[in-house]
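The values are calculated or read from the model by the stated rules, or taken from the named source; none is laboratory data. Every value quoted in this text rests on a predicted model; they were computed, and no experiment measured them. Ideal geometry is used to build each Cβ from the backbone, glycine not excepted, and the neighbour counts take in all protein chains shown.
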Amino acid sequence: MKKTGDKDSFFNKIMQPRVLFFVAGFFIALSFLAPALFTRPWGLFTFNVKTSYIGETFGIMNPFIAIAAAIITYAAFWAQFKANQDMLENNRIQHETDLAKQEEENNHNQKQLAINRFYEMLQIHRDNVKELEWFVVEGDGSITRMNGRQIFAYHLLEYNLIYSILDTLYPTQDPEKDDATKAKKAYEIFYKGANDAQLSLVKRANINKAIASCASPQYFIGKVAGILGISNDTAKEHAKLVDSLKDIYANKNFFIAQPPFRGHFEELNNYYRHLFLTVKTVVKVEKKYLEYNEKRDLLRILRAQLTNTEQVMLCYNWFSGNGRQWEEKDGNHFFTQYRMVHNITPNKLLPFRTPMNNDAAAYKNFMAHFGKSESIKMFCNRQDPMFEFEDWDGYPKFNYN
């Protein structure tokens, strides 16, 4: 059985004007033969004087000429019909082409707007970083104003100080649970400051002058312990605390002009809020305007503005819960899907680093916390790893299977 499309195709072929004109020509030629055909006896039919010839000679030709005229007229109407159909089809195609071009142009404009918006927000981020400041007292007593990204090194130093105190004074029973709790508590003190009672101790101790007179790490530790409401004797009993604060004591001058434990919420809240908004603005752009790889490229530019220390502090901000929206179980995946902490290494993170600086062990500890989310396996692989160090020779590789 032939399909409807086959019938239509056959009909369209026989309805072509050249076919119809050929048929019309046949009937016109037949009209000239009609007198001879219809005035001669043909078997059962005899045309003579008695029966009367069929009209006049030219009258015999009329039906065939009329048929030919009808066919030619039909051919003309058919040609016009097909021309109208072709015009409508061309108009439809042109309309679709115009819409496609318009949509393509609109997509290009929206893409360009998104990129321009990103660079505007990137400039604001740079301005926010420039406004961050820290004051350091030099050996001659002069105060040096430091600003920009270099202050994050001092922020990390203060955070390590707080964590080291908590780690020493509160022994770990369950490493995975307690270390995480200490890390979060340390960031709470760093970010929001000590509580009212402890802050009053800071004021009474006049820490900015007291630290300047510290002649040894032990004395320095005693001052710090007093600020946090810890007895000096208790602090001195912990040799681990003395060892862990030697590096901090070596940089004690950064505490003189700006005492620790006051909190950094006011200065850093705008920094983190705008940084988060910049990432979110890029991520939420529709796929038809910006593909995933294009978003990654833009955010790679943003991440390049962050030092490794900044990324460490950003990770702590998330880990503490203050910046929990950076990486969520059911929500944003700015760390795993968009690699905003791609440049950190395990031994730069407390409480995941190990005493012997064993990278593999630190990496395992980190993944034990961070890897609880399936988003790492969902968005990362060996060809596109979560962290930069996974591409380095001699460093551990995470099993993404």
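Filter the stretch 370-384 for residues that are modelled with pLDDT of 75 or more and within 12 Å of GLU327 (Cα to Cα); which is surrounded by the fewest Cβ atoms within 10 Å (Cβ to Cβ)?
Step one: list which residues in the stretch 370-384 are modelled with pLDDT of 75 or more, which gives 374-384.
Adding the requirement that they be within 12 Å of GLU327 (Cα to Cα) leaves 374-376.
Details: GLU374: 10, SER375: 21, ILE376: 21.
The residue in question is GLU374.
Within the stretch 115-134, identify whether any single residue is surrounded by 12 or more Cβ atoms within 10 Å (Cβ to Cβ), modelled with pLDDT of 80 or more, under 29 Å from GLU188 (Cβ atoms) and of a type in the set (S, T, N, Q), and answer yes or no. There is at least one residue in the stretch 115-134 that is surrounded by 12 or more Cβ atoms within 10 Å (Cβ to Cβ), modelled with pLDDT of 80 or more, under 29 Å from GLU188 (Cβ atoms) and of a type in the set (S, T, N, Q).
Kindly check whether there is at least one residue in the stretch 321-328 that is closer than 22 Å to ALA186 by Cα, touching a Leu at 6+ places or on another chain (Cβ under 9 Å) and either assigned by TED's automatic domain parsing to the domain that holds TYR163 or at pLDDT 90 or above (or both). So far as the stretch 321-328 goes, yes, one or more of its residues are closer than 22 Å to ALA186 by Cα, touching a Leu at 6+ places or on another chain (Cβ under 9 Å) and either assigned by TED's automatic domain parsing to the domain that holds TYR163 or at pLDDT 90 or above (or both).
Does any residue of the stretch 68-82 turn out to be among the charged types (D, E, K, R), at pLDDT below 75 and over 30 Å from ALA304 (Cα atoms)? It would help to see each step written out before you state the result.
If we filter the stretch 68-82 for residues that are among the charged types (D, E, K, R), which is where we start, we get 82.
Adding the requirement that they be at pLDDT below 75 leaves none.
For the stretch 68-82, residues among the charged types (D, E, K, R), at pLDDT below 75 and over 30 Å from ALA304 (Cα atoms): absent.
Annotation note: Cβ proximity below 9 Å between a residue of the stretch 106-128 that is more than 20 Å from GLY148 (Cβ to Cβ) and a residue that is part of a helix (DSSP H, G or I) and among the polar types (S, T, N, Q) (sequence gap 6+ or interchain) occurs for ALA114/THR281; ARG117/THR281; PHE118/THR278; PHE118/THR281. Within the stretch 372-401, residues that are outside the structural domain of GLN337 (by TED's automatic domain parsing) and assigned to a loop (DSSP other than H, G, I, E, B) reach partners that are surrounded by 15 or more Cβ atoms within 10 Å (Cβ to Cβ) and basic (Lys, Arg) with beta carbons closer than 9 Å, at six or more positions or on different chains, in the pairs PRO396/LYS364; TYR400/LYS377; ASN401/LYS377.
Put simply, of THR336, THR309, THR278 the only residue that is over 29 Å from ILE165 (Cα atoms), touching a residue at least 24 places away in the same chain (Cβ under 8 Å), among the hydroxyl-bearing types (Ser, Thr, Tyr) and not in a loop (DSSP other than H, G, I, E, B) is THR278. Residue-level check: of (1) β-branched (Val, Ile, Thr); (2) crowded, with 19+ Cβ neighbours inside 10 Å; (3) over 28 Å from LYS185 (Cα atoms), THR281 misses just (2).
Look at (1) surrounded by fewer than 19 Cβ atoms within 10 Å (Cβ to Cβ); (2) under 20 Å from HIS108 (Cβ atoms) and you find that ASN308 fails only one, number (2).
The test for being among the acidic types (Asp, Glu) and under 23 Å from HIS155 (Cα atoms) does not hold for GLU390.
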